[in-house]
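Accompanying notes for the structure given below.
The values are calculated or read from the model by the stated rules, or taken from the named source; none is laboratory data. Quick caveat: nothing in here was measured; it's all calculated off a predicted structure. Counting neighbours? That spans all protein chains shown, and the Cβs are built from the backbone with ideal geometry, glycine included. SASA here: full protein model, heavy atoms, side chains in, ligands and nucleic acids out. Shrake-Rupley method; radii C 1.70, N 1.55, O 1.52, S 1.80 Å.
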Amino acid sequence: SNVFMYYGLSNFYQNHRRYVKSRDDSQLNGDNSSLLNPSKECEPYRTNEDKPIAPCGAIANSMFNDTLELYRIDNNTKTPITLIKKGIAWWTDKNVKFRNPTGDGNNLTALFQGTTKPVNWPKPVYMLDLEPDNNGFINEDFIVWMRTAALPTFRKLYRLIERKNNLQPTLQAGKYSLDIAYNYPVHSFDGRKRMILSTISWMGGKNPFLGIAYITVGSICFFLGVVLLIIHHKYGNRNTSADIPN
Amino acid sequence: MSLFGLKFGKKKLKEEERQLQANNRDFNLQFEYANNTIKTSKYNFFTFLPLNLFEQFQRIANAYFLFLLILQLIPQISSLAWFTTVVPLVLVLAVSGVKDAIDDFNRHKSDKHVNNRPVQVLINGMLKDEKWMNVQVGDIIKLENNNFVTADLLLLSSSEPHSLTYIETAELDGETNLKVKQALTVTSELGEDLQKLTEFNGEVKCEAPNNKLDKFTGTLTLQGEKYALDNEKMLLRGCTIRNTEWCFGLVIYAGPDTKLMQNSGKTTFKRTSIDRLMNVLVLVIFAFLALMCLILAIGNGIWEYDKGYYFQVYLPWAEGVNSASYSGFLMFWSYVIILNTVVPISLYVSVEIIRLGNSFYIDWDRKMYYPLNDTPAQARTTTLNEELGQIKYIFSDKTGTLTQNIMCFNKCSINGKSYGDVYDMSGQRVEINENTEKVDFSYNQLADPKFAFYDHSLVEAVKLSDVPTHRFFRLLSLCHTVMPEEKKEGNLVYQAQSPDEGALVTAARNFGFVFRARTPETITIVEMGETKIYKLLAILDFNNVRKRMSVIVRSPEGDLTLYCKGADTILYELLNSSCESLKEETTEHLNEFAGEGLRTLVVAYKNLDEDYFQDWIGRHHEASTALEGREDKLSELYEEIEKDLMLLGATAIEDKLQDGVPQTIETLAKANIKIWVLTGDKQETAMNIGYSCNLLNDDMEDVFVIEGSTSDDVLNELRNARKKMKPDSFLDSDEINIQFEKSSKPPKILPDEQANGVYGLVITGHSLAYALEGNLELELVRTACMCKVVICCRVTPLQKAQVVELVKKYKKAVTLAIGDGANDVSMIKTAHIGVGISGQEGMQAVLSSDFSFAQFRYLQRLLLVHGRWSYIRMCKFLKYFFYKNFAFTLVHFWYGFFSGFSAQTVYDEWFITLYNLVYTSLPVLGMSLFDQDVDDRWSMLFPQLYVPGQQNLYFNKVVFVKCMLQGIYSSLILFFIPYGAMYNTMRSDGKAIADYQSFALMAQTCLLIVVSVQIGLDTSYWTVVNQFFIWGSLSVYFAITFTMYSDGMYLIFTASFPFIGTARNTLSQPNVWLAIFLSITLCVLPVVGFRFLKAQLKPTPSDKVLLKIKEAKKRPPPPSPKRRLRRTSTRRSGYAFSHQHGFGALIMSGRNMRPKSPFATTGTFSPNSDKYKHKGL
């Protein structure tokens, strides 16, 4: 089956209230007035040099921008593994929640005119990707980042590695090398970065919690059932014969 | 006193003395006395809004939500949208406000009704129709027969001779016998001469308004002469004029100053004990909330210092926040807002709704509807229902509540033969009911059609001219102090001082010995159609010591006879020795009568020797004019002549109880409710009723009678009683005594003490007055509360309230007062719950009551069924409600530890708004409106099921802590199961699921299903509505969730519904559902296990009853219980005359006789003619 490539961050509080709030959904949905006049929730990443930031807010501003590249080392030659960057976001996010601003033509540069890039970003939002259907607000890396994690340790889907044919495993056994363009600093707040390669079962990614929990709870239930049965047999008929006052 | 004094102290200086002049408004106005307007309403049109809001914000909860609202308006703190608080708050305020407005409107209406009653006022020499409210102090008003007395009046003159005026004081003190008031001679001369009345300018000086009904002192100054005024000349507001065509009175106290109003006590807002407990719990929760917020705030401070400071690369601190501690401070308030749902405002709304619903059940209950006078039960206060399930003390009025105040001549024993029972052909006694054939009295034209008697043999005996029978009825028609009234020929109305006497005379009348008229010297009897005039030579009147009365009459034939009736114990001592065998037979009958709860009297006669009598009457005359020791001399003379009597027989009178009273009392007693009867009646009457309605019985170890007339006597009597009931309670080792010693102050709450048997206590009003004073209070409470039954007699309305207050003060128990008259108003208002008997004449009791119905017997249904249900429902509701909100809210607390203590909510904001309002409100309402553990029949059959309510077992602090712990446990499960299931996990297509929105959706879905399952576990009585509400709420949750998270909603309201797509993307995942199922199992498992264990190992008595019922339910239901009461009481004599002396003296003096009685004199002679007047004297 397909192999999924994730990046993971630790000690990164994407669920902090002020962080979660710090976005403007109307702007991300392509609303033109919000584009030029983002919500106050985005402060202090609302405007820069008197120009509205697009996309505004702390979430967008802190977007993960390391690039990961995977190579297979075969006889000292590095063969790049094809990493698919589309199809990593929810369909609803990609098609409903996130939309580029509308206007004359499809030139994103023109549509985003009057806005400025987020402070931390090296390039503006309309230059995230070369493909038009993965650029601007509907860039899937961006969408994935904007779906904030529930917990301070999280992983996010980065790329897909598609299975070529049914005869070979997606990633064959062998040597691989991972090239990382290090852009994203986490050291200052004691954060950690990870890269995870994973396959998926019908229940999703690997997580032993539910299995262990079910086995434990099942055992407890069984044990309790036996104990209660014994108690019922021993003491149970006491109430039927018990006298009732008055 | 002090209670009411306050009210007037505010307005002006306390009045020391009242001074007024008749017919001089200008003079009286300078003192600014209150006029006759009464005002019981609280608001008017303009003051309503501010006053009502002010009152509402005094409630701790409302003030708290106002405070929250203000917090939410501060942007740095606001963690939830402001509308989450405003909408419910406005709703709550509006609902309570409308309710208050309606209540007050009704009060306005009833005030207006009373204030606008018409009365004739003498103004400028003319009688003018005025409204009650315009009557002023110093006015002279005219009242006519059957009028209510308008204000407290000084009686000036009346239509009756000597300006006597008869009044009925039932509204004031509950006594229905007539009382006589007499005007001063100097004012009675005014008559109805308007000219003279207008010129009347007497000045009255009297005491300031007070609430003492039986006391009045003042002076009237008229043309320089001073006359003393006392209570005998006062007509008090609330009385009714009877048998008096008209009378004139001078207004002394008006409106709020009248003794009636002064006695009516203050209307206080009643709260149930659950209310009070809830207030305490809310405070506890606030403390808990503050603690949680403090922990989280400190956590935030540390986090911001340790991590947040460095994380500023991606998330700078908010504007104005420059230190971690300041951030922590702000976060404290943010968390106050988020966690406020532990005390959701909907709690109060829901509580009100539940109470309202349960009140409707009472209103709609057809088993509490009295068809005879079309009176349904009514819950007038809708906020006290659950308290009905916790009653421990019932304070009941007697007259009109336990009894119908109708006396019936029921049985008699004449010359050793008992009459009154009906037997069928086989000699079996037949129970008398409506179908039993009544005796036909048509042979007697003067018979009272209302009189019913069933034993035909007695009529036969009368018709056969059986000598003893005739003598018996002749005695009954002669020996009494009843006044006849015959406005129309043949239409006789008797005015008896006590209803017993009236019943006896009426019985004689129907059997053919019609008492028709009396003059001071004669009594006219129509004996079997033949008019006979007996000369009345002497009345040996009743008093409390003698317990008997006699008359000496001379028959037309010239025989001198003494007729005597009285208590058996007394009369048996006075009998001639020749009656021994008859005495034995009669005793047997008396026992039989008494066993049926009848009030018995023994009647006897004696033929007098002419010479002896002349000698005696001479001495009697001497004694009655003696200046010193008159009473003693007279009673010696009475005793001398009342001996060697010949026994005639006995009468048995039924003080008709209301239907089902003994059964009700028995049932209530089984429910461990203590019943105190507080009555204005005298001791004997009260005790008699006590026996006949099964309050007192001979199974009791003892019935103590407290009648001491000094403080020390009362103390001794109380102590002796207690010594007998619980000797241990005098030991130093006794718990309460230790308490006494420990603290110098008397303890606030006395624990319940257990007596060594079943005891009763009877206390008279006089002794009660001492017992209610300072140090005796405690003695009284300790002794009285050990007794199963307490009867207080001759108590004033205020004393009634004081007794209730006493128990409220020292016992941690819920009290209920039930009564029907104005004299019960204060007690009804004082008790936790006041019940009025409706459908009678007076409505005051009902108007000030919380619940009203027509029959005493409905009380058991009200308490055992409605009260119990309401209590159980309320408890279940509170348990569940606190649980669900703890489980709901505390998840935020745990999340705080994983979100940098940033006041991030776990759930979607919409879910938070709708959780209490929509998703969980209906199922819990459904449960608290319909739930019942057993149905009404079983509740009545097993009154002991009521006991847990009294002990407050279903909801108290311990139970609350349990709910809290369960809530905390559930919240832990509800947070950590989704946490574990989500941690580093992915959807089955590799995409994100560990995002915040999915986590929120998962947690809230878990929560909602868990609380729905929990309510399923708590519901013991499933109705369609319950099913509908629970399944409906769950479906509504999913429907609303999918709608709110849909594309369309997002595209229209982008900013409001950011959760787009979460439902679709998350709820399609199997691991989400596995996690949900796991959380449900884990949340429910301990509850089920614990309940099972408790039922197995430690079943409570009511669990056992429930189990028994469950088994019994498998069999066909038993027929509704028709228990016959077992009566083994000893014989008691009832001579229930009023405490005061009879009318004897009045009759003999002739003062109350009209010059002529139009129909009394059939035959050729006039009773007043000289020929007969002095003969025999």
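Where does helix B:797-810 land angle-wise versus the long Cα axis of chain B, in degrees 0 to 90, nearest 10? So the inclination is approximately 40 degrees. Extending 7 Å from the Cα toward the beta-carbon at both B:Glu207 and B:Gln754 defines two label points whose distance is 4.7 nm. Residues whose amide H falls under 5 Å from that of A:Tyr176, counting only those 5 or more places apart or on a different chain, are A:Ile73, with hydrogens built in the peptide plane.
Contact-buried residues of the stretch A:178-211, at a threshold of 40 Å² lost accessible area versus the chain by itself: A:Ser188, A:Phe189, A:Trp202, A:Met203, A:Asn207, A:Phe209, A:Leu210 (1.4 Å probe; DNA, RNA and ligands ignored).
For B:Thr217, the solvent-accessible surface computed with a 1.4 Å probe is close to 70 Å², ligands and nucleic acids excluded. Computed across the stretch B:875-999, the Kirkwood radius stands at 17.4 Å (inverse of mean 1/r, all Cα pairs). Annotation for the stretch B:877-927 versus the stretch B:56-112: alpha-carbon center distance of 21 Å.
Below 20 Å, Cα to Cα, which lysines can A:Lys206 reach? Residues fewer than 8 away in the same chain don't count. Within the straight-line limit of under 20 Å, A:Lys206 reaches these lysines: A:Lys156, A:Lys193, B:Lys991. Of all lysines in the structure, the ones whose alpha carbon falls short of 18 Å from that of B:Lys488, not counting any fewer than 8 places away in one chain, are B:Lys450, B:Lys1156. Exposure check, 1.4 Å probe, all protein chains in place: B:Asp632 carries approximately 100 Å² of accessible surface. At 10 °C and 1.306 mPa s, what whole-number value in µm²/s does Stokes-Einstein give for the translational diffusion of the protein assembly as shown, with Rh from the Kirkwood sum over Cα pairs? The diffusion coefficient I find is 41 µm²/s. How are the C-alpha pair distances of the stretch B:1010-1058 spread across 5 Å bins, as whole percents from the shortest bin up? Pairs per bin, as whole percents: 5, 19, 19, 15, 11, 10, 11, 7, 3, 0. Heavy-atom accessible area buried between chains B and A is around 6600 Å² (1.4 Å probe, both sides summed).
Modelled spin-label separation between B:Ser581 and B:Lys723, with each label point placed 7 Å from Cα along the Cα-to-Cβ direction: 4.8 nm. Would you mind telling me the share, in percent, of accessible area of the stretch A:3-200 contributed by carbon and sulfur at probe 1.4 angstrom? In the stretch A:3-200, the share of accessible area belonging to carbon and sulfur is 49 percent. Measuring with a 1.4 angstrom probe and ignoring ligands and nucleic acids, B:Glu585 comes out at about 80 Å² accessible. Where the centre of each part is set by its Cα atoms, how far does the stretch B:186-263 sit from the stretch B:487-541, in angstrom? The stretch B:186-263 and the stretch B:487-541 have Cα centres separated by 34 Å.
Computed from the alpha carbon positions, the gyration tensor of chain B leads to an equivalent ellipsoid with semi-axes of 71, 35, 26 Å, biggest first. The helix-based estimate of mean residue ellipticity at 222 nm for chain A, built from -39,500 (n - 2.57) per DSSP H run of four or more residues and divided by its residue count, is -6500 deg cm²/dmol to the nearest 500. Take the Cβ atoms of B:Ile70 and B:Ala318, set R0 to 30 Å, and the FRET efficiency comes out at 0.95.
Placing B:Glu527, B:Glu437 in order of accessible area, with the largest value first and a 1.4 Å probe, yields B:Glu437, B:Glu527. For B:Ile763, the residues whose amide H sits under 5 Å from its own are B:Ile706, B:Ile791, B:Cys792, B:Cys793, ignoring neighbours fewer than 5 places away on the same chain, with H placed 1.01 Å from N. Based on protein heavy atoms only, the protein assembly as shown ends up with 43 Å² per residue of surface accessible to a 1.4 Å probe. Per residue of A:23-30, other chain Cβ atoms within 10 Å of the residue Cβ number 3 on average.
Can you list the residues of the stretch B:124-158 with backbone N under 16 Å from a point 7 Å past the Cα of B:Leu194, pointing along Cα to Cβ? Answer for this model: B:124-130, B:140-144. Applying both filters, DSSP loop and at most 10 other Cβ atoms within 10 Å, to the trypsin sites (Lys or Arg not before Pro) of the stretch B:407-466 gives B:Lys450.
Pairs from the list B:Lys670/B:Lys1110; B:Lys583/B:Lys723; B:Lys788/B:Lys876; B:Lys142/B:Lys829; B:Lys411/B:Lys606; B:Lys726/B:Lys812 with a Cα-Cα gap above 29 Å: B:Lys583/B:Lys723; B:Lys788/B:Lys876; B:Lys142/B:Lys829. With N as its number of residues, the stretch A:3-200 has a Cα radius of gyration that, divided by 2.2 N^0.38 Å, comes to 1.10.
With loop membership from DSSP and a limit of 10 other Cβ atoms within 10 Å, the longest segment of chain B without chymotrypsin sites (Phe, Trp or Tyr not before Pro) is B:270-1177.
In loop segments of the stretch B:605-676 as defined by DSSP, the GluC sites (Glu not before Pro) with at most 11 further C-beta atoms inside 10 Å of their C-beta are B:Glu628. In chain B, the DSSP-assigned H stretches of four residues or longer account for a calculated mean residue ellipticity at 222 nm of -13500 deg cm²/dmol, using -39500 (n - 2.57) per stretch and the full residue count as denominator. Relative to the first principal axis of the alpha-carbon coordinates of chain B, what is the inclination of helix B:776-786, with its axis defined by its Cα atoms, in degrees from 0 to 90 and to the nearest 10? Taking the Cα atoms of chain B, the angle to B:776-786 is about 80 degrees. Label-to-label distance for B:Thr1100 and B:Lys812 is 1.5 nm, based on points extended 7 Å past Cα in the beta-carbon direction. The relative contact order of the stretch B:418-564, computed from alpha carbon pairs under 8 Å that lie at least 6 residues apart in sequence, is 17 percent. Burial of accessible area (probe 1.4 Å, heavy atoms of protein chains only) in the stretch A:144-169, relative to its chain alone, reaches at least 40 Å² for A:Arg147, A:Ala150, A:Leu151, A:Thr153, A:Arg155. Within a straight-line Cα-Cα reach of under 16 Å, B:Lys1113 can be paired with the following aspartates and glutamates, leaving aside sequence neighbours fewer than 8 residues apart in one chain: B:Asp933, B:Asp935, B:Asp936, B:Asp1103.
If only the Cβ of Lys and Arg carry +1 and only the Cβ of Asp and Glu carry -1, the dipole of the protein assembly as shown around its Cα centre is close to 5540 debye.
Surface composition of chain B: carbon and sulfur make up 57 percent of the accessible area, probe 1.4 Å.
Note the angle between two axes, namely the Cα long axis of helix B:868-896 and the longest principal axis of the Cα atoms of chain B, as a number of degrees from 0 to 90, rounded to the nearest 10. Tilt relative to chain B: about 20 degrees.
Applying both filters, DSSP loop and at most 16 other Cβ atoms within 10 Å, to the GluC sites (Glu not before Pro) of the stretch B:443-510 gives B:Glu489.
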